[in-house]
1. Residues that are away from DNA strand D (no atom under 15 Å from the Cβ), at least 3 per element: which helices (runs of 4 or more DSSP H) completely within the stretch A:121-214 meet that?
2. Being within 24 Å of B:Ala223 (Cα to Cα) and within 14 Å of another protein chain (Cβ to nearest Cβ), is that true of even one residue in the stretch A:22-38?
3. Can you find a residue that is surrounded by 21 or more Cβ atoms within 10 Å (Cβ to Cβ), out of contact with any Pro (no Cβ under 8 Å at 6 or more places or on another chain), in contact (Cβ under 8 Å) with a residue 24 or more places away in the chain and part of a loop (DSSP other than H, G, I, E, B) anywhere in the stretch B:2-21?
4. Looking only at the stretch A:165-199, count every residue that is β-branched (Val, Ile, Thr), away from DNA strand C (no atom under 14 Å from the Cβ) and touching a residue at least 24 places away in the same chain (Cβ under 8 Å) and tell me the total.
5. So B:Leu129 passes all but one of these: (1) modelled with pLDDT of 95 or more; (2) within 10 Å of chain A (Cβ to nearest Cβ); (3) away from DNA strand C (no atom under 16 Å from the Cβ). Which condition number does it fail?
6. Restricting attention to the stretch A:45-66, which residues are farther than 22 Å from A:Leu158 by Cα, touching a residue at least 24 places away in the same chain (Cβ under 8 Å) and either of a type in the set (Val, Ile, Thr) or within 11 Å of chain B (Cβ to nearest Cβ) (or both)?
7. Given the residues A:Ala93, A:Ala109, which is the only one that is out of contact with any Ser or Thr (no Cβ under 9 Å at 6 or more places or on another chain), surrounded by fewer than 20 Cβ atoms within 10 Å (Cβ to Cβ) and either more than 14 Å from chain B (Cβ to nearest Cβ) or polar (S, T, N, Q) (or both)?
8. Could you check the stretch A:67-90 and list, in sequence order, the residues that are aliphatic (A, V, I, L, M), in a strand (DSSP E or B) and within 13 Å of another protein chain (Cβ to nearest Cβ)?
2 protein chains.
Amino acid sequence: MQDALIRKLESFEDLTDGDRAALRALVPRVRQVPARTDLIEEGHVPERIHLILDGYACRYKVLPDGQRQIMAYLVPGDFCDLNVFILDQMDHAIGTISPCQVVEISRNAIEEVTAHYPQVTRALWWCALVDEAILREWLVNIGSRQAHQRIAHLFCELLLRLEAVGRVSDNSYAFPFTQTDIADTMGLSDVHVSRTLRELRRLQFITLKRRVLTILDVEQLKAYCGFNPNYLHLRNTRWSARRQVPWLSSSHGA
Amino acid sequence: MQDALIRKLESFEDLTDGDRAALRALVPRVRQVPARTDLIEEGHVPERIHLILDGYACRYKVLPDGQRQIMAYLVPGDFCDLNVFILDQMDHAIGTISPCQVVEISRNAIEEVTAHYPQVTRALWWCALVDEAILREWLVNIGSRQAHQRIAHLFCELLLRLEAVGRVSDNSYAFPFTQTDIADTMGLSDVHVSRTLRELRRLQFITLKRRVLTILDVEQLKAYCGFNPNYLHLRNTRWSARRQVPWLSSSHGA
DNA sequence: CGGGCGCTTGACTGCCTTCAACCCCAGTGG
DNA sequence: CCACTGGGGTTGAAGGCAGTCAAGCGCCCG
């Protein structure tokens, strides 16, 4: 259960037993945080690095007019603020969606590990780069896709990210987000999210009951929203990323 | 002219003469790239790191239906692919907007410098984190603001970023982007961009002639789109970021 | 001088928002 | 046991912001 981070890093590269032991030693005490609670506020200067062990959280900003924009979902194995070492203060807030298990890791502990385990350093850097790649894909999502595809794309992404940390079974995963959360993520109104979900259910793509999301036909849903997993840079999706190159130049065929 | 990178890094922290000399030594040969040319293609594995010395470029993806989404503007002093060290392949492309001076720096050269100049290492890391912060703000921009404010916000951001590398005079800067570029950036149609720009001109916020943008009243434009520069993490904007905290809790006043 | 690209304008359409009412259900307290 | 309450979700009607289509203009450049 606590090995979400290790599982995630191993979806990038192999770790030695020593690497794994070093990562486990990072976790001194686990803090239980209730749902709908800020872990870090905008303008704050965090002293320690926060890591989600279990539960869901999100990055968000609130505009002067009260509008909230969610910019990232944080799932088990995700860091909240690896940037602590450099930046002066948080330019956004982080809040929990569901109850979360969170650990706080001191700068020193991280520096200690990275100094002795280069594989781990690479893997942490990989985390930061994948976070950025996800951000870019979200920009594409909001900027270029319609509401239906936008939400379908989110469901596909969460499926893969949660699979990488062992939180998926039978194409189902916990989905504690409200429709208002989705709306604030996708730049839509909650009313429209409701209608869109109804449509996705009607098309037999998903079921969403009691905060559990089930994707009924993964390949069909991916095709529906044009999902290309290459931006997640997972080992087991690299081949499929290459396989998908042809459809970029599909006009050549036939 | 070639010191865009150094000027930019110094907007984050002071560099010693040694730091500056090491950075200048990084630049072996400058390549001139015409406008509207790909520097790096999606799926490619770049061997060297690309740095923009002069001109404008952008990160973008093209969806299967031909829709292009621009995810970042690269201005003098910006790196294209600091991630070379980690990721397997590019998940997006980078193309020039205007003619560009570009240098390619080998992995070894960067590793050499970062090994000996810790300040430089910090500064490069800062670059990566600011790029990510800009991406988050763009997500807010597309997700939460209307067309007018979106475009105004872009103009404000470019003003500050270009100021940091000495490319602004009298609140004017080079603006080689077409309206179609802006449209693909903002998730709008080019027709609507045209109408929006007309409105921004009518409101006396900007003039845009012969590819030169002039902001007529910076403070008014910032207020119009709710621009908060804290996400750029520039030294000389930190105070103003703190000054702006009050409007987050403006409901307390009066 | 022709051609093409970038830009503009008008008319029409449509995706999505807003407003408002209502339902369902879990938690709470009398 | 049941009334109360509030958050989350659903539905309908009306309207607006922005997209699409199409035509035309101005200008650079071969």
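The values are calculated or read from the model by the stated rules, or taken from the named source; none is laboratory data. Remember, predicted model here, so these are calculated numbers, not experimental data. Here the Cβ positions follow ideal geometry from the backbone for every residue, glycine too, while neighbour counts run over all protein chains shown.
1. Numbers: elements: A:147-163, A:179-186, A:190-202.
The qualifying helices (runs of 4 or more DSSP H) are A:147-163.
2. Within the stretch A:22-38, the first condition is being within 24 Å of B:Ala223 (Cα to Cα), and the residues that meet it are none.
No: zero hits.
3. Yes.
4. The initial filter retains those residues of the stretch A:165-199 that are β-branched (Val, Ile, Thr), namely A:165, A:168, A:178, A:180, A:182, A:185, A:191, A:193, A:196.
Add one more test, that the residue is away from DNA strand C (no atom under 14 Å from the Cβ), and what stays is A:165, A:168.
Checking which are touching a residue at least 24 places away in the same chain (Cβ under 8 Å) leaves us with A:165.
Counting residues in the stretch A:165-199 that are β-branched (Val, Ile, Thr), away from DNA strand C (no atom under 14 Å from the Cβ) and touching a residue at least 24 places away in the same chain (Cβ under 8 Å) gives 1.
5. Failing condition for B:Leu129: (1).
6. Of the residues in the stretch A:45-66, the ones farther than 22 Å from A:Leu158 by Cα are A:45-49, A:62-66.
Add one more test, that the residue is touching a residue at least 24 places away in the same chain (Cβ under 8 Å), and what stays is A:45-49, A:62.
Selection gives A:Val45, A:Ile49, A:Val62.
7. When all the criteria are applied, what remains is A:Ala109.
8. Passing the criteria: A:Ile70, A:Met71, A:Ala72.
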